[in-house]
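Here's the structure we're looking at; comments come further down.
Every read-out reported here was derived from the displayed coordinates using simple, explicitly stated rules and does not represent laboratory data. Since the structure is predicted, the reported quantities are computational estimates derived from the model, not experimental observations. We place every Cβ from the backbone using ideal geometry, glycine too, and count neighbours over all the protein chains shown.
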Amino acid sequence: MSRLDFTPYRRSTVGFDRLFDILESQARQNSGDNYPPFNIARSGEDNYRITLAVAGFRAQDIDITAQQNLLTVQGKKREDMDGGAELLHVGIANRGFERRFELADYVRVEQADLADGLLIIDLVREVPEAMKPKKIAVNGSPTLTAVPSEDGKESDAA
């Protein structure tokens, strides 16, 4: 198993400790099991979609929990899959799973749908107006505007 070393970056950055911790924990967690397989797609600047291949699971077998910056998807194993028949070959996975996704700030789950063996979770990032970037005037002076000159033509005020 390879270990990521973020020491050089930790020395030259301030306030990114949480980011490095997330990257290191994800590398540890995802080094083994890749079940169920999934895709993450971006369909706009603030829209994302996670698609998990969950063949054999019903909607009531899947539990999706979103809290703060963590999305957890759990699938519960069902015992009644074979209907009492003796299985000669088991090629379809019938095991429970738990998949975790770290979400950025202000990302929320918009909806989740299960169709054709695919669980689709739509996410949207909604940054509050107070958190969006804004211009700050230096020394409290208003922003530059066009001011009419003495001859009636407009010129830029400095």
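Can you check what the net charge comes to around Arg49, using other residues whose Cβ is under 11 Å from the Cβ of Arg49 (Lys, Arg +1; Asp, Glu -1)? Computed value for this residue: -2. Label separation (Val127 vs Arg100): 2.7 nm, computed from points 7 Å beyond Cα along the C-beta direction. Using a 7 Å offset from Cα along Cα-Cβ at Ala41, what residues in segment 67-110 end up with backbone N under 11 Å from the label point? Taking a point 7 Å out along Cα→Cβ of Ala41, no residue of segment 67-110 has its backbone N under 11 Å.
Our summary of shape: the Cα atoms of segment 34-129 have principal axis extents of 60, 23, 21 Å, ordered from largest down, in whole angstrom. Between Thr51 and Lys76, the simple label model (points 7 Å from Cα in the Cβ direction) yields a spacing of 2.8 nm. For Glu110, the residues whose amide H sits under 5 Å from its own are Asp122, Leu123, Val124, ignoring neighbours fewer than 5 places away on the same chain, with H placed 1.01 Å from N.
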